[in-house]
Structures are given as C-alpha cells and as structure tokens.
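See structure below.
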Amino acid sequence: MKDTATSAPVIEAKNLNLVFETGDGPVQALKDVNLTINRGDFVSFIGPSGCGKTTFLRAIAALETPTGGTLTVNGMTPDQARQARAYGYVFQAAGLYPWRTIAGNIKLPLEIMGFSKAEQDERVNRVLELVELAGFGKKFPWQLSGGMQQRASIARALAFDADILLMDEPFGALDEIVRDRLNEEVLKLWARTGKTIGFVTHSIPEAVYLSTKIVVMSPRPGRITDVIDSPLPKERPLDIRDSRAFIEIAHRVREGLRAGHGDHE
Amino acid sequence: MRHVLPVLTVLIAIIALWYGAAVGLNRAWVYDQASRAGVEPASGLALVAETWNQERPVLPAPHQVAGELVKTTFGMAPTSKRSLVYHGWVTLSATLLGFVMGTVLGILLAVGILHNRAMDMSVMPWAIASQTIPILAIAPMIIVVLNSVGLQGLVPKAIISAYLSFFPVVVGMVKGLRSPDQMQLDLLKTYNASAGAAFWKLRLPASMPYLFTSLKVGMAASLVGAIVGELPTGAVAGLGARLLSGSYYGQTVQIWAALFAAAIVAAGMVMLIGLMERRTLRKMGMAR
C-alpha cells in the first residue's frame, strides 16, 4: 500500500502545540502533535469532542495559528499555502449562498481567483459531474436536499483544483443512509482525482471505511494517541465493512479512543 | 379574502369609537352656544347631529375629515394653494430627497464602521446622540443656518429628513453587513479573498433583508422630518404648513385632513418599499 518512492510529505507537523487563551485561562487544544501526511493519503481524524481534531484541520488551513512547533503544507507555512490556494475546505454545514444558484455558488471561488468566464463555466460543469449533480446548476440551494447541498459544497471546494481537500465533519448533519452514499462517492472522487484528503469525523465506521491512515485523538489536552495505516485495499465496496480486516481496524480504533479517554468521564 | 372580515371589524370599531368621542368632546360647545343664546340646548339625536357637524369642532367626525380630504384632493386644481395634492407633493419631494440622502449617508457610515476600527468605536455613540435631540428643537436652527448661506425651500427640509432617516439605515446595515457567520468568513479566507471581495460577494447581498427593513423605518422618519421642517418656515407650503395654518385659525377639520394625508402618503411609500423588497429578494432567490 505504502509506496515510499512516490509519496512525499504534503503536510508535516512536528511537536505542534496550540493553546487558546480563554476567559477561564489557557486551554491546550493541541499538545505535541507529530504527524506526516503523504501525497494521495486519505487521512481521517477521529476522537471525541474537544480532542483537537477540528483545530488541527483548521491549523493546516491557517484558520488557527499554532503557538509552538512547526507545521508545513507543501513545504510552506500554512498561511503561504493558503495564499497559494493549496486546499479546498469543506465545512460541517454546506454554507451555500442562498442568493446564488448551485452553479453560482461553485463559481464563487473561481470569480475570486479570477478565472475567465469560459473557464468558470467549463469547471462548474466538470465538478458538478464529479459530485453527480449534473443538471442541477440552475437550482437554488433551498431546492436541494441536505445531502445534495453538501455535495455542491464539495464541488465548490474542488472547482479550483487545489490538491489538498480538507473536510470537517462534512456529513455530520446527514442521516446514515445519505451518509453511506456520500462516503462511497467521496472514495470514488478520491480515486479519480488523487487528491490528499484530511477528513474529520466522529464515526468509527466512516473513518475506517474511508481512510488509508486513521489518526486517533483524545482530549484534555488534545493529542494523538494512535496512528493506524489501514491495510484495506483502495477499491472498497460498502460490504467491506463486514470483512474481518475492517472489524479488526475498527476494534483498534475503539481501543485507542477508550485508552485516550482515560477515567475522565 | 379571509383577512377582510377582521380588518373590517376593527375599522368599524374605530369609526364607531371616533363618532362616540366626537359627541362627548363637542357637546360642551353646543351647550355653551345654547346658554349664550338663552335657549334650551338640543338633546337626543338633535344633539348628536350638532356635535357631528360643527365648523370648528374639538374633534371632527370621520365624515367631515373624509369630506375635507376628498374636496381638497380631487375638488381643486393640483396647482392651487388650497389643494392637498399640491401640499402633499411639496412634502413628498422633500421627503424623497431626504430619504435618498439619509440612505446613502447611512450605508456609507455602515461601510465605514465595518472596515475602519476608529469609526467602529466612535460613530455609533454620535449617531445615537444625534437621535436623542428632539428634532423639533434642532429643525429651526438648521433652517436658519442654511438660510443664512442662501439655501431655502427643498434642501433644508430634505436635510432634516436625512437627519432622521440615516439612523435606522446605519443600525440596520451594520447588523446586516455583519450577519454572515464565522464559517462563511472562514470559507472566503481559504480562498484568500480580499476584504473587497468579501464585501461585494458576501456581506452586501447578505445585508439586503436588513436594508429593506431599515428603509421602511427610514421612509416614515423622513416624512416626519419633512413635515417638522415645514413648521419653522411660517406655513409657506406642504402638509406641515397645512397643519400649522390649521392650528392658527382653529381649522381642526383641515388639521385632521392634513394628518390623514400624511399617513396615507407614508403608508403608500412604505408599501412601495415592501413591493421592491419582495421583488428584489425573489430575484435573489431569498424569498420562497
């Protein structure tokens, strides 16, 4: 699975610390985090709330600033990477502009980045097809279901060809059935585009099903307790979740979560 | 059509109350006249009829006000100085000019507050202070000061209108421009979008519902400003002048007709903004 010859570190964190100053004193959101993510990896971050998984993703996206250690994205600082538009970010809510059509929403980053009109249209059609929303470009967001809206927001993040896709619990608000479908689609998307994906979730099956690398985190202070390189093949039908290998990884993730949780709760 | 019955019921109740109040308030004058003439005052239905048809009643009856409204609106050439259309237009033109000035000023201030920290900290207290001063006190001074630099007629009144109408626009637009949540702003940050792009693509469209609400309040305030601005100039023209001359000569029917004319103009303008609001929001896909 792991091909060291072609894989180069895309994201590298060394002794990363992040402390929030709050009214009740400092909160250690990340403590001594070390992680290397290679090109083409699908990395899931899993852990209970407050474990720093979202904070870590936001730090990669330069939406939070670490207070110690080093973090590089494509060999640059996260802020340089942000200015080079190195990644697309998908939030928990689709966050589509209600006054723009689906196509208009996908054009938003393209307009800001100054793509030509023809190029915008071409890209909108391509990513709509990629997330299986072809033909919905002229609809307004409220005319689409929650799952379709979230697919449109993924299309928006894909439109400008960033090679890193960061997703913060993108399907957290959707029901199980829609979620399964979208998980399958994300895998297909990943296979077709070869992007490096960072994916925050609190669902164990979701993490195991999607990832080549599962990062188990625990709270107070937020830290990494286990990193699992998945032995599952790249080709993953939904029923792989009944396989022995799958169940073993899920078990190891659960163990990691339990160990990290300690006797806090 | 289901709304007609409740609306009609309330309307009839108000008119009935009004007629009743007219009897109570105008009765004293009937008794007074009778005792001066040394005759028995009228009673019963005759008394009621007298209280409803006086020339200068304390409270004119609805049909008197309606009659005066119709007579001075449709019964006279619109250029006549006794026509309500003439006076209404004088006030409306000042209102509209002041409304546009106030709206532009309000939006500019809101944009300044959004993008400039010093303005953020300092403008709002001044804006609030400006509204705590009674407009009736400051209007004559504005008229006098502007008159001394040669400005007369429409513009001073419009400035008083703008003085009242910029405030709701500032408050509404600051709220509207700040209405996008952190996630929306983070998203634009991941695109490395400039503040300008964030303004035009996110903040301004998101503020539209707030803007229209403010415009409705601002329009009503603008009309009040124009009317108040007509008072210190000595009853030259406009609905304010009608109110003032009516009170000079005890023409209560004229006062009430002018009041209703003002209310009708205000309601019409606010409805017009409501129509624009619905069309704009529908076009933007924000109204279902």
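The values are calculated or read from the model by the stated rules, or taken from the named source; none is laboratory data. These numbers were taken from a predicted model, which means no experiment stands behind them. Virtual Cβ from ideal backbone geometry, glycine too; neighbours counted across all protein chains shown. Only protein heavy atoms, including side chains, enter the accessible area calculation; ligands, DNA and RNA are left aside. Shrake-Rupley method; radii C 1.70, N 1.55, O 1.52, S 1.80 Å.
Classify the stretch B:70-126 as rounded, prolate or oblate from the Cα gyration tensor: take a ≥ b ≥ c as the square roots of its eigenvalues, call it rounded if a/c is under 1.5, otherwise prolate when a/b beats b/c and oblate if not.
On the way: a/c = 6.49, a/b = 5.04, b/c = 1.29.
It comes out prolate by the Cα gyration axes.
Go ahead and estimate [θ] at 222 nm for chain A from helices alone: -39,500 (n - 2.57) per DSSP H run with n ≥ 4, summed, over the residue count, rounded to 500.
Details: 8 runs with 95 residues, N = 265.
Computed mean residue ellipticity for chain A: -11000 deg cm²/dmol.
In the protein assembly as shown, what % of DSSP beta bridges are antiparallel (nearest 5)? Please report the intermediate quantities before stating the final value.
Numbers: 22 of 40 bridges.
Taking every DSSP beta bridge within the protein assembly as shown, about 55 percent pair in antiparallel fashion.
Tell me what chain B gives for mean residue ellipticity at 222 nm when only DSSP H runs of n ≥ 4 count, each as -39,500 (n - 2.57), the sum divided by the residue total, rounded to 500 deg cm²/dmol.
Numbers: 12 runs with 223 residues, N = 288.
Dividing the helical sum by the residues of chain B leaves -26500 deg cm²/dmol.
In chain A, what % of DSSP beta bridges are antiparallel (nearest 5)? Kindly include the intermediate steps, with their values, before the conclusion.
On the way: 22 of 40 bridges.
In chain A, DSSP labels about 55 percent of beta bridges as antiparallel.
If I model a spin label at A:Lys138 and A:Ala173 as a point 7 Å from the Cα along the Cα→Cβ vector, what separation in nanometres do I get?
Those two pseudo-labels are separated by 2.8 nm.
My understanding is that a pair violates if its Cα-Cα distance is over 23 Å; which of A:Lys139/A:Lys195; A:Lys107/B:Lys283; A:Lys53/B:Lys189; A:Lys53/A:Lys213; A:Lys213/A:Lys234 do that in this structure?
Details: A:Lys139/A:Lys195 28 Å; A:Lys107/B:Lys283 18 Å; A:Lys53/B:Lys189 20 Å; A:Lys53/A:Lys213 14 Å; A:Lys213/A:Lys234 12 Å.
In this structure, A:Lys139/A:Lys195 exceed 23 Å between Cα atoms.
Using a 10 angstrom Cβ neighbour count of at most 15 plus a DSSP loop assignment to flag exposed trypsin sites (Lys or Arg not before Pro), which longest range of chain A is free of such sites? Could you put the intermediate results ahead of the total?
On the way: sites that count: A:Lys2, A:Lys138, A:Lys234.
The answer is A:3-137.
Give a quick list of trypsin sites (Lys or Arg not before Pro) in the stretch B:56-121 that DSSP marks as loop, anything other than H, G, I, E or B, with at most 14 other Cβ atoms within 10 Å.
Working: sites: B:Lys71, B:Lys81, B:Arg82, B:Arg117; in loops: B:Lys81, B:Arg82.
For trypsin sites (Lys or Arg not before Pro) across the stretch B:56-121 that sit outside H, G, I, E and B with at most 14 neighbouring Cβ atoms in 10 Å, the list reads B:Lys81, B:Arg82.
Taking only the alpha-carbon positions of the protein assembly as shown and ignoring solvent, what does the Debye formula give for the base-10 log of I(q)/I(0) at q = 0.05, 0.11, 0.13 Å⁻¹?
Reported log10 I(q)/I(0), two decimals: -0.38, -1.01, -1.25.
Residues of the stretch A:52-97 that become at least 10 Å² less accessible with every protein chain present than in their own chain isolated, using 1.4 Å: which are they?
Those are A:Arg58, A:Ala62, A:Leu63, A:Arg82, A:Gln83, A:Arg85, A:Tyr87, A:Tyr89, A:Phe91, A:Ala93, A:Gly95, A:Tyr97, which lose 10 Å² or more relative to the chain on its own.
Could you state the number of Å between the C-alpha centres of the stretch A:121-200 and the stretch B:229-288?
Taking the Cα centre of each part, the stretch B:229-288 and the stretch A:121-200 sit 52 Å apart.
With helices defined as uninterrupted DSSP H runs, which ones in chain B have an alpha carbon span along their own long axis of at least 30 Å and mean Kyte-Doolittle hydropathy of at least 0.0? Intermediate results must be reported in sequence, preceding the final value.
Details: long enough: B:4-37 (48 Å, 1.13); B:84-115 (45 Å, 1.73); B:154-177 (32 Å, 1.57); B:204-230 (37 Å, 1.11); B:252-283 (46 Å, 1.09).
Qualifying helices: B:4-37, B:84-115, B:154-177, B:204-230, B:252-283.
Accessible area per residue of chain B at 1.4 Å probe, in Å²?
On the way: 15460 Å² over 288 residues.
Here the residues of chain B average 54 Å² of exposed surface.
Return a whole-number percent for the relative contact order of chain A, with Cα pairs under 8 Å and 6 or more residues apart as the contact set. It would help to have the intermediate numbers written out before the result.
On the way: 495 pairs, mean separation 66.5, N = 265.
Computed over chain A, the figure is 25 percent.
Mind checking the per residue accessible area of chain A for me, 1.4 Å probe, whole number of Å²? Don't skip to the end; give the middle numbers.
Working: 11610 Å² over 265 residues.
For chain A, the solvent-accessible area averages 44 Å² per residue.
Give me the percent of accessible area attributable to carbon and sulfur for the protein assembly as shown, probe 1.4 angstrom.
Values: 16720 of 27070 Å².
Summing carbon and sulfur atoms, their accessible area is 62 percent of the total for the protein assembly as shown.
Over the Cα atoms of chain B, compute the convex hull volume and normalise it per residue, giving Å³.
Values: hull volume 55.1 nm³, N = 288.
Roughly 191 Å³ of hull volume per residue.
Using a probe radius of 1.4 Å on protein heavy atoms only, what is the accessible area buried between chains A and B, both sides summed, to the nearest 100 Å²?
Values: alone 12640 and 16580 Å², together 27070 Å².
The A and B chains share an interface burying roughly 2200 Å².
With a ≥ b ≥ c taken as the square roots of the eigenvalues of the C-alpha gyration tensor of chain A, please select rounded if a/c is under 1.5 and otherwise prolate if a/b is larger than b/c or oblate if it is not?
Values: a/c = 1.61, a/b = 1.32, b/c = 1.22.
Since a/c reaches 1.5 and a/b is larger than b/c, the shape of chain A is classed as prolate.
Pairwise over distinct Cα atoms, reciprocal of the mean inverse distance: report the Kirkwood radius of the stretch A:98-161 in Å, one decimal place. Write down the numbers at each step before the final one.
On the way: mean 1/r = 0.0887 Å⁻¹.
Roughly 11.3 Å, rounded to one decimal.
Run the numbers on the stretch B:176-208: which residues show a drop of 40 Å² or more in accessible area, chain on its own versus all protein chains together, using a 1.4 Å probe over heavy atoms?
Checking the loss per residue gives B:Met183, B:Gln184, B:Asp186, B:Leu187, B:Lys189, B:Thr190, B:Tyr191, B:Asn192, B:Lys201.
Which of rounded, prolate or oblate describes the stretch B:4-59 when judged by the alpha-carbon gyration tensor and an a/c cut-off of 1.5?
Working: a/c = 4.22, a/b = 2.95, b/c = 1.43.
Prolate shape, in that a/c is at least 1.5 and a/b is the bigger ratio.
For helix A:117-130, what angle does its Cα long axis make with the longest principal axis of chain A, in degrees from 0 to 90 and rounded to 10?
The angle comes out near 60 degrees.
For a quick check: with amide H placed at 1.01 Å from N, whose amide H comes under 5 Å from A:Asp226's, ignoring anything fewer than 5 positions away on the same chain?
It is A:Val216, by chain and number.
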